[in-house]
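K.L.:
Once you've had a glance at the structure underneath, I'll fire off some questions.
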Amino acid sequence: MNVLLVEDDLPLAAGVTQALRDKDYVVNQVGLGQHALDTIKVDPPDILILDLGLPDMDGIEVLKKLRQTNPELPVLLLTARISVEEKVQGLDAGADDYLAKPFNISELLARLRVMERRLSPGHSTLIKVGPLSFDSLSCQVTLNGESLVLSRREYMLLKILVENAGRVMTRSRLESGLYSWDEGVGSNALEVHIHNLRKKLGPDLIKTVRGVGYRLAGP
Amino acid sequence: MKSIRSFLIIAILATITLVWFIAALQGYQSGVSEAERLFDDQLEQVAQLTASLGGDPVSINSPPRIAYQLWNQGRLLLKTKNAPEAAMVELQPGFDYSNFGGYRWRTFVYPHGADEDIVIVAIRADQSFAMAEKVIVEALVPIVLSLPVAAILIWLIVRQGLKQLRELAVSLRDKQPQDLSPIVLSASPAELEQVVSSVNSMLTRLEESFLREKRFASDAAHELRTPISALMVQLYNLENELPERSEEVRNLRTSADRMNHLVEQMLALYRNTPEQLATNFTEVDLYSLAQDVIAMHYNWFEEKQQQIELTGRAMLVKGNRFALETLLSNLLSNACKYTPAGGAVLVDVFMLEKDRVQLLVEDSGPGILEDEQQRIFERFYRVGGDRHASRQPGCGLGLAIIRNIVDAHEAEISVENSRFKTGTAFRVIFTATTGGVTHEPRFLS
């Protein structure tokens, strides 16, 4: 996987480069927005990590120019200034994800993994969570190697949980993933699906955070 | 408070009244002397006329306000009934005053003819004064009656003249604390122009320094966060490269984490002053926000095997979403930190009364002594200092940040004992917004 890192702070850039290379990413690094645009023209990377505070131009500007030529390139923004407006501005300009400094390197790696997965159907679509394996391409779900039969809603629910394994998904996030706006959501419809999933997956894989939501055990 | 308007009205009215009465007095005096002159002319004419008639007895029956005597060589030849036997006045030719018959008289002695007749004519002086007074009173009455009319007119004029001043006062009074835009008056007279331009230049300077401070904080955030990120990433790499867990690296990690935490808290403290927060208020569902914040920080509780539970239902309050998120995560972080492993934390959002929403965060920690409950919102104050049983590192800014956010939302916060056997409860009470639950735009989580 080829990553272009646009970051002007050398110690940070060196550290991130090192950490990504340890995970077998091919990393190129530039410190100026213009250099980034030039590099992308010549040798487009698979993923772009873009710092918003660059010395020569605003990261949002880089992103806007980039989107005219490379609309598909996945972009992860890094910024030290975090406000809701900036977040919205960044996403409006076409960023795929957003990470605030100071970030945890494992968080960065996790975001890159998600982008990679979205990126190429050619890459593995198989996600393994403990005894569970989930293949979104073939819609195959197996537990300890045995195939499971799930209803459509159960499958959709499990997909969200698997893709965000280790993170608590709020009830509203899960409901909006399961039902469109015009479909009425029964007050305990979510509980019913979770209950059914637990019957098939065993009681311990999905954890309830009372009043908040559900979480699938970490990978 | 003294009012310029009533001062002006009273002062102008007093001046006008004074000037009018001085003029009236002058008028009275000149009226009296004018009356005197008229009577003198009349006396002279009567004297000449009577003298030329030669003391015709028919003419002796004069009106009672005129008296007449004719003398010759010290003898009284003729007199009117109202004249005394003695000379009415010394026999010096000319005008004089004299008192007889119970009245004051104006007299005129007029020597006449070759036989040295002397005619004395007198006229009642009090009647001439009365006439002058009557003239002056007639002139004064309309002036006195017009005083109220003048007062009303002056009041209207002064009111109109001070209109811009009042407008300025109102626009200054109604200015929101965060509104630093210049004041604009519909028409500003020369006298007020100076005041308005001074106030406006002051507002501009204030806004500039405010923006400078804001930029500084934003730059500081960037300048501090980037090297801290570098430090964390390098530490991560170092930890991976070293074959074994080293004490030095662990200490480095602890220090880096503390520094990171302190910088974030200082930035949050700055960002969440009421002046900074006043903009960007929207309707926020406190319950779904609590869901998001708990989901975001669930690992805190998991690491300490603590039970976290949210109860309640959707409640809208007006606020800054980002600040409310900081408020909740600070309350949750405190609850987690000061509660031992295996403890419990409860979050509850509910309608207290018709228009008040309560956020309650309770823990099963050791609790806070009542006299310490008063002090905990001071900056850098930490319960029990670093010797607290939880041995938690911290900078003591968390509750100051919470206080700022609570103040900016005009909410109330109180600390009490939780419903657990021991433990602390933080109660924040917001004013609910009216209207139903609406869906605000959701940001990427």
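The values are calculated or read from the model by the stated rules, or taken from the named source; none is laboratory data. All values derive from a computational prediction rather than experimental measurement. Note that each Cβ is placed from the backbone with ideal geometry, even for glycine, and that neighbours are counted across all protein chains shown.
K.L.:
Taking the stretch B:236-260 only, how many residues are within 26 Å of B:GLY398 (Cα to Cα) and either more than 10 Å from every other protein chain (Cβ to nearest Cβ) or out of contact with any Pro (no Cβ under 8 Å at 6 or more places or on another chain) (or both)?
P.N.:
Initially, the stretch B:236-260 is screened for residues within 26 Å of B:GLY398 (Cα to Cα), giving B:250-260.
Remaining after also requiring either more than 10 Å from every other protein chain (Cβ to nearest Cβ) or out of contact with any Pro (no Cβ under 8 Å at 6 or more places or on another chain) (or both): B:250-259.
Of the residues in the stretch B:236-260, 10 are within 26 Å of B:GLY398 (Cα to Cα) and either more than 10 Å from every other protein chain (Cβ to nearest Cβ) or out of contact with any Pro (no Cβ under 8 Å at 6 or more places or on another chain) (or both).
K.L.:
Taking the condition of being of a type in the set (Phe, Trp, Tyr) and out of contact with any strand residue (DSSP E or B) (no Cβ under 6 Å at 6 or more places or on another chain), how many residues in the stretch B:284-320 meet it? Give the derivation first.
P.N.:
Here is the first cut: in the stretch B:284-320, the residues of a type in the set (Phe, Trp, Tyr) are B:287, B:298, B:300-301.
Checking which are out of contact with any strand residue (DSSP E or B) (no Cβ under 6 Å at 6 or more places or on another chain) leaves us with B:300.
Qualifying residue count, the stretch B:284-320: 1.
K.L.:
Can you find a residue that is among the hydroxyl-bearing types (Ser, Thr, Tyr) and more than 30 Å from B:GLY161 (Cβ to Cβ) anywhere in the stretch B:183-197? It would help to see each step written out before you state the result.
P.N.:
Let us first name the residues in the stretch B:183-197 that are among the hydroxyl-bearing types (Ser, Thr, Tyr), namely B:186, B:188, B:197.
Pick out the ones that are also more than 30 Å from B:GLY161 (Cβ to Cβ) and you get none.
No: the stretch B:183-197 contains no residue that is among the hydroxyl-bearing types (Ser, Thr, Tyr) and more than 30 Å from B:GLY161 (Cβ to Cβ).
K.L.:
If you don't mind, another one. Mind checking which residues of the stretch B:220-255 are in contact with a Lys or Arg (Cβ under 9 Å, 6 or more places away or on another chain), of a type outside the set (Ser, Thr, Tyr) and within 30 Å of B:PRO274 (Cβ to Cβ)?
P.N.:
B:ALA221, B:HIS222, B:ARG225, B:ILE228, listed by residue number.
K.L.:
Also, I was wondering about something else. Name the residue that is farthest from the chain's Cα centre (by Cα), counting only residues in the stretch B:88-117 that are assigned to a strand (DSSP E or B) and among the charged types (D, E, K, R). If you could, list the steps in order and put the result at the bottom.
P.N.:
Initially, the stretch B:88-117 is screened for residues assigned to a strand (DSSP E or B), giving B:94-100, B:103-112, B:117.
Retained after the next criterion (residues that are among the charged types (D, E, K, R)): B:96, B:104, B:106, B:117.
Values: B:ASP96: 69, B:ARG104: 66, B:ARG106: 67, B:ASP117: 87 Å.
Filtering first and then ranking leaves B:ASP117.
K.L.:
Identify all residues within the stretch B:183-203 that are surrounded by 13 or more Cβ atoms within 10 Å (Cβ to Cβ) and within 30 Å of B:ALA408 (Cβ to Cβ); write none if there are none.
P.N.:
Applying the first criterion (surrounded by 13 or more Cβ atoms within 10 Å (Cβ to Cβ)) to the stretch B:183-203 yields B:183, B:185, B:188, B:192, B:195-197, B:199-200, B:203.
B:ILE183, B:VAL199, B:ASN200, B:LEU203, listed by residue number.
K.L.:
With respect to A:ASP51, determine if the residue is closer than 22 Å to B:ALA220 by Cβ, within 13 Å of chain B (Cβ to nearest Cβ) and over 20 Å from the mean Cα position of the chain (by Cα). Working first, answer last.
P.N.:
Numbers: closer than 22 Å to B:ALA220 by Cβ: yes; within 13 Å of chain B (Cβ to nearest Cβ): yes; over 20 Å from the mean Cα position of the chain (by Cα): no.
Here the answer is no, as A:ASP51 does not meet what is asked.
K.L.:
Need pairs with beta-carbon distance below 6 Å; first residue over 30 Å from B:TRP71 (Cβ atoms) and within the stretch B:118-138, second of a type in the set (A, V, I, L, M); sequence gap 6+ or separate chains.
P.N.:
The qualifying pairs are B:ALA132/B:VAL32; B:ALA132/B:ALA35.
K.L.:
Here is a follow-up. Kindly indicate the residue of the stretch B:416-430 that is farther than 23 Å from B:LEU316 by Cα and surrounded by 15 or more Cβ atoms within 10 Å (Cβ to Cβ) and also nearest to the chain's Cα centre (by Cα) among those meeting that condition.
P.N.:
The initial filter retains those residues of the stretch B:416-430 that are farther than 23 Å from B:LEU316 by Cα, namely B:416-424.
Now drop any that are not surrounded by 15 or more Cβ atoms within 10 Å (Cβ to Cβ), which leaves B:416-418, B:420, B:423-424.
Working: B:GLU416: 40, B:ASN417: 43, B:SER418: 45, B:PHE420: 50, B:GLY423: 47, B:THR424: 44 Å.
Going through the qualifying residues, I end up with B:GLU416.
K.L.:
Looking only at the stretch A:125-162, filter to residues that are more than 20 Å from A:ARG215 (Cα to Cα) and not in a strand (DSSP E or B); which one of those is modelled with the lowest pLDDT?
P.N.:
Here is the first cut: in the stretch A:125-162, the ones more than 20 Å from A:ARG215 (Cα to Cα) are A:125, A:137-140, A:145-147, A:149.
Of the ones still in play, those that are also not in a strand (DSSP E or B) are A:125, A:137-139, A:145, A:149.
Numbers: A:THR125: 68, A:LEU137: 77, A:SER138: 81, A:CYS139: 83, A:GLY145: 86, A:VAL149: 90.
Applying the filter and picking the extreme gives A:THR125.
Listed here are the residues, each with its yes/no results for (1) more than 27 Å from B:ALA221 (Cβ to Cβ); (2) of a type in the set (Val, Ile, Thr); (3) in the same structural domain as B:HIS222 (by TED's automatic domain parsing).
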site	(1), (2), (3)
B:VAL233	no, yes, yes
B:GLU241	yes, no, yes
B:GLU244	yes, no, yes
B:MET266	no, no, yes
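K.L.:
Out of everything in the stretch A:1-18 that is surrounded by 17 or more Cβ atoms within 10 Å (Cβ to Cβ) and part of a strand (DSSP E or B), what residue ends up being farthest from the chain's Cα centre (by Cα)?
P.N.:
In this case the residue turns out to be A:VAL6.
K.L.:
Okay, next question. Working carefully through the options B:LEU211, B:LEU185, B:LEU192, B:LEU235, find the one that is modelled with pLDDT under 85, more than 30 Å from A:GLU85 (Cβ to Cβ) and assigned to a helix (DSSP H, G or I). Walk me through it before giving the result.
P.N.:
Details: B:LEU211 fails: more than 30 Å from A:GLU85 (Cβ to Cβ); B:LEU185 fails: assigned to a helix (DSSP H, G or I); B:LEU235 fails: modelled with pLDDT under 85.
Matching residue, one of B:LEU211, B:LEU185, B:LEU192, B:LEU235: B:LEU192.
K.L.:
Does the stretch B:267-275 contain any residue that is acidic (Asp, Glu), at pLDDT below 90 and under 45 Å from the mean Cα position of the chain (by Cα)?
P.N.:
Narrowing the stretch B:267-275 to residues acidic (Asp, Glu): B:275.
Among the residues that remain, those that are also at pLDDT below 90 are: B:275.
When the remaining residues are screened for being under 45 Å from the mean Cα position of the chain (by Cα), the result is B:275.
Within the stretch B:267-275, one or more residues are acidic (Asp, Glu), at pLDDT below 90 and under 45 Å from the mean Cα position of the chain (by Cα).
K.L.:
Quick check on this structure: which one of B:ALA139, B:ALA151, B:ALA169, B:ALA130 is surrounded by 15 or more Cβ atoms within 10 Å (Cβ to Cβ), aliphatic (A, V, I, L, M) and not assigned by TED's automatic domain parsing to the domain that holds B:ASN260?
P.N.:
Numbers: B:ALA139 fails: surrounded by 15 or more Cβ atoms within 10 Å (Cβ to Cβ); B:ALA169 fails: surrounded by 15 or more Cβ atoms within 10 Å (Cβ to Cβ); B:ALA130 fails: surrounded by 15 or more Cβ atoms within 10 Å (Cβ to Cβ).
On inspection, the qualifying residue turns out to be B:ALA151.
K.L.:
Same structure again: Any residue at all in the stretch A:113-121 that is crowded, with 20+ Cβ neighbours inside 10 Å and assigned to a loop (DSSP other than H, G, I, E, B)?
P.N.:
No, there is no match, as no residue in the stretch A:113-121 is crowded, with 20+ Cβ neighbours inside 10 Å and assigned to a loop (DSSP other than H, G, I, E, B).
K.L.:
Follow-up question, since we're still on this one. Give the stretch A:1-18 a look and list any residue that's away from every other protein chain (no Cβ under 12 Å) and out of contact with any helix residue (DSSP H, G or I) (no Cβ under 7 Å at 6 or more places or on another chain), or say none.
P.N.:
Our first condition is that a residue be away from every other protein chain (no Cβ under 12 Å); within the stretch A:1-18, this holds for A:1-4, A:6.
Residue satisfying the conditions is A:ASN2 alone.
K.L.:
Also: Find the residue count for the stretch A:90-99, including only residues that are closer than 18 Å to B:ARG225 by Cβ and more than 8 Å from chain B (Cβ to nearest Cβ).
P.N.:
Of the residues in the stretch A:90-99, 2 are closer than 18 Å to B:ARG225 by Cβ and more than 8 Å from chain B (Cβ to nearest Cβ).
K.L.:
Taking the condition in the same structural domain as B:ALA256 (by TED's automatic domain parsing), surrounded by fewer than 11 Cβ atoms within 10 Å (Cβ to Cβ) and on the phi < 0 side of the Ramachandran plot, does B:ALA220 pass?
P.N.:
Details: in the same structural domain as B:ALA256 (by TED's automatic domain parsing): yes; surrounded by fewer than 11 Cβ atoms within 10 Å (Cβ to Cβ): no; on the phi < 0 side of the Ramachandran plot: yes.
Answer is no for this residue.
K.L.:
Still on this model: Looking at B:ALA221, B:ALA217, which one is facing chain A (nearest Cβ under 7 Å) and touching a residue at least 40 places away in the same chain (Cβ under 8 Å)? Even if it seems obvious, please write down each step before you answer.
P.N.:
Values: B:ALA217 fails: facing chain A (nearest Cβ under 7 Å).
Every option except B:ALA221 fails the conditions.
K.L.:
So A:ARG21 clears everything in (1) part of a helix (DSSP H, G or I); (2) away from chain B (no Cβ under 11 Å) except one condition, right? Which one?
P.N.:
(2)
K.L.:
Being modelled with pLDDT of 85 or more, among the small types (Gly, Ala, Ser) and within 24 Å of B:ALA35 (Cα to Cα) narrows it down to one residue among B:ALA150, B:ALA122, B:ALA132; which is it? Outline the logic, then answer.
P.N.:
Numbers: B:ALA150 fails: within 24 Å of B:ALA35 (Cα to Cα); B:ALA132 fails: modelled with pLDDT of 85 or more.
None of the other options fit; the residue is B:ALA122.
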